[in-house]
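Single-structure report; data block below.
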Amino acid sequence: MNNTIAGFSKLSKEEKIHWIANHYFSTPTEAIDLLKKYWNSDATLQQLHDEFIENTITNFYIPLGVAPNFLINGKYSTIPMAIEESSVVAAAAKSAKFWATRGGFKTTIINTEKIGQVHFLYTGDKDKLTVFFNQTKTTFFSETDALTKNMRQRGGGILNIELKDKTELIPNYYQLHATFETKDSMGANFINSCLEQFAKTLKEQAQTFDAFTSDEKEIEVIMSILSNYVPNCLVRAEVSCPIEDLAEKHIPDPEVFAQRFVQAVRIAEVEPYRAVTHNKGIMNGIDAVVLATGNDFRAVEAGIHAFASKNGQYSSLSHAEIENGQFKFWLEIPLALGTVGGLTSLHPLVKLCLEMLEKPSAQELMQLVAVAGLAQNFAALRSLTTTGIQEGHMKMHLNNILNQFMVNEEERLAIKKHFKNHTISHSAVVSYIEELRK
Ligand code: MEV
């Protein structure tokens, strides 16, 4: 069968589904029924979702959970999390509860600067380019005046534009490296529009710069785009308490716990294989809140992992220490987030999540997201250095196994009762189900 098609995007949704079903499924009607089962019965709502992207055929569900009791800088929040992994929300809620009685989370915004670049080729005398750039700098600002007006009124705008010589990396390669403040918007469209105007100004002004030879006037812009690496858009989240206050049911000896915890973080600081998994746990919390609040989790992921490698080796995003009897655990991460624009006012559930968070500013959301990351990391390290991760993880995963085997209510109760006192593993649960069904 020919599995290619021209003009697919022009087909109606119904036609697209039929084409997919007939080309890839032995029972097309079943595939169609399943896809349609996930359509929203509210046609307007469905159309809104259809139009987010091209070629929408249905919706793809991910649970939206909430982790309550997060005490952050003296104020309580309930954090919405969109995630499929069984144990993440439970772990966040557990950490929130633990730290709420130990002073809560403290957060600080370190900076909020974003970056964009115009990458271009210039063949000629570098000093002349520098003179040209210095002379044209005000024009870059004036020619983006209309684009930046609203942002300036909100207290943001273009912070600075620099010329960067990158010819040691690639012959004739230079950059306009610009920094921006985008207040409550993530700012991608704003930054990219400004950059495209800079590129235009750069090319036009070069044509009229008398000191350039005719070759030098032909600046070739390769591309203009924001950077998702935002090491100066930084937030810090921290927890601390006297070591003895760490004591609780699973932490009978807080001194030993604190030592082992700090050691676990130290391992992630120096050992990349561990650092990746350690940071993955942090991203469990971060991505879930970023997604629930309609932000771009790919941008956040890319930027954070680059930051984790800033010293030349991939390392832990979080750090821990014991000093004068105090246990301290913190992380610093770059986060470019928005609470206006983009999906924030379009996606009804994103709007709801932001309302649940009491309509945070972008800076407030950065703090909430950083806390979710730290809480997640605390929960993971606490399990790893005490009971091991599988105990809690499998408890949460048990439902998935039961659903996979379509157990009835009676079986479910019996299985849950049995595994209260037995170690849960996929094979143990399967054997037990088989036993029950004999
Ligand atoms: C699982 O999603 C995340 C963990 O592996 C994180 C970690 O190892 O720190 C538990």
Exercise for the section: Considering (1) aliphatic (A, V, I, L, M); (2) touching an Asp or Glu at 6+ places or on another chain (Cβ under 7 Å); (3) surrounded by fewer than 19 Cβ atoms within 10 Å (Cβ to Cβ), say which one MET186 fails and leave the rest. Expected result: (3)
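Of these, SER345, SER315, which one is small (Gly, Ala, Ser), touching a helix residue (DSSP H, G or I) at 6+ places or on another chain (Cβ under 7 Å) and under 23 Å from PHE257 (Cα atoms)?
Numbers: SER345 fails: under 23 Å from PHE257 (Cα atoms).
Residue meeting the stated conditions: SER315.
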Handout entry: strands (runs of 3 or more DSSP E) wholly inside region 1-112 containing at least 2 residues that are touching a Lys or Arg at 6+ places or on another chain (Cβ under 7 Å)
Key = 106-109
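Results for (1) at pLDDT 95 or above; (2) over 20 Å from GLU355 (Cα atoms); (3) surrounded by 14 or more Cβ atoms within 10 Å (Cβ to Cβ), shown as yes or no for each residue.
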residue: ASN2; (1), (2), (3): no, yes, no
residue: ALA6; (1), (2), (3): yes, yes, no
residue: GLU15; (1), (2), (3): yes, yes, no
residue: ALA21; (1), (2), (3): yes, yes, yes
residue: GLN46; (1), (2), (3): yes, yes, yes
residue: MET81; (1), (2), (3): yes, no, yes
residue: GLU84; (1), (2), (3): yes, yes, no
Exercise for the section: Answer yes or no as to whether VAL230 is among the aliphatic types (A, V, I, L, M), outside any loop (DSSP other than H, G, I, E, B) and either closer than 30 Å to GLU181 by Cβ or free of Cβ contacts under 8 Å to residues at least 60 places away in the same chain (or both). Expected result: no
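Does LEU381 meet the test of being modelled with pLDDT of 85 or more, under 29 Å from the mean Cα position of the chain (by Cα) and hydrophobic (A, V, I, L, M, F, W, C)?
Criteria met by LEU381.
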Exercise for the section: Could you please let me know if GLY312 is away from the ligand (no atom under 12 Å from the Cβ), surrounded by 15 or more Cβ atoms within 10 Å (Cβ to Cβ) and either not aliphatic (A, V, I, L, M) or not in a helix (DSSP H, G or I) (or both)? Expected result: no
Practice task
Tell me which residues, restricted to region 390-416, are within 16 Å of the ligand (Cβ to nearest atom) and either buried (at least 16 other Cβ atoms within 10 Å of the Cβ) or over 30 Å from ALA247 (Cα atoms) (or both).
Solution key: GLY392, HIS393, MET394, LYS395, MET396, HIS397, ASN400
Handout entry: Any chance VAL256 is part of a helix (DSSP H, G or I) and either crowded, with 24+ Cβ neighbours inside 10 Å or within 10 Å of the ligand (Cβ to nearest atom) (or both)
Key = no
Exercise for the section: Sort out which residues of region 359-388 are within 11 Å of the ligand (Cβ to nearest atom), assigned to a helix (DSSP H, G or I) and surrounded by 18 or more Cβ atoms within 10 Å (Cβ to Cβ), and write them in order of number. Expected result: GLN376, ASN377, PHE378, ALA379, ALA380, LEU381, ARG382, SER383
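Quick one: which residue in GLY285, GLY281 is closer than 11 Å to VAL369 by Cβ, within 14 Å of the ligand (Cβ to nearest atom) and in contact (Cβ under 8 Å) with a residue 12 or more places away in the chain?
Among GLY285, GLY281, only GLY285 is closer than 11 Å to VAL369 by Cβ, within 14 Å of the ligand (Cβ to nearest atom) and in contact (Cβ under 8 Å) with a residue 12 or more places away in the chain.
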Exercise for the section: Determine whether region 64-83 contains at least one residue that is on the phi > 0 side of the Ramachandran plot, without any contact (Cβ under 8 Å) to a residue 12 or more places away in the chain and more than 16 Å from the ligand (Cβ to nearest atom). Expected result: no
Fill in the blank from the handout: Expected output for region 165-176 (first residue over 14 Å from ILE222 (Cα atoms), partner in a strand (DSSP E or B), Cβ below 8 Å, 6+ apart or cross-chain) is ASP165/TYR174; THR167/TYR173; THR167/TYR174
Practice task
Could you check how many residues of region 92-131 are in contact (Cβ under 8 Å) with a residue 60 or more places away in the chain, more than 30 Å from ILE286 (Cβ to Cβ) and surrounded by fewer than 19 Cβ atoms within 10 Å (Cβ to Cβ)?
Solution key: 6
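Table: residues versus (1) more than 16 Å from the ligand (Cβ to nearest atom); (2) more than 23 Å from ALA92 (Cα to Cα); (3) of a type in the set (Asp, Glu); (4) touching a Lys or Arg at 6+ places or on another chain (Cβ under 9 Å).
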site: GLU269; (1), (2), (3), (4): no, no, yes, no
site: THR277; (1), (2), (3), (4): no, no, no, no
site: ALA306; (1), (2), (3), (4): yes, yes, no, no
site: SER316; (1), (2), (3), (4): no, no, no, yes
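For region 389-434, give me the residue count where each residue is part of a helix (DSSP H, G or I), of a type in the set (Val, Ile, Thr) and modelled with pLDDT of 85 or more.
Within region 389-434, the first condition is being part of a helix (DSSP H, G or I), and the residues that meet it are 389-404, 409-418, 426-434.
After this cut, where a residue has to be of a type in the set (Val, Ile, Thr) as well, the list is 389, 401, 415, 429-430, 433.
So of that shortlist, the ones also modelled with pLDDT of 85 or more come out as 401, 415, 429-430, 433.
Total satisfying the criteria: 5.
The values are calculated or read from the model by the stated rules, or taken from the named source; none is laboratory data. What you see is a predicted model, and the numbers here were worked out from it, not measured in a lab. Reconstructed Cβ throughout: ideal geometry from the backbone, glycine too, with neighbour counts over all protein chains shown.
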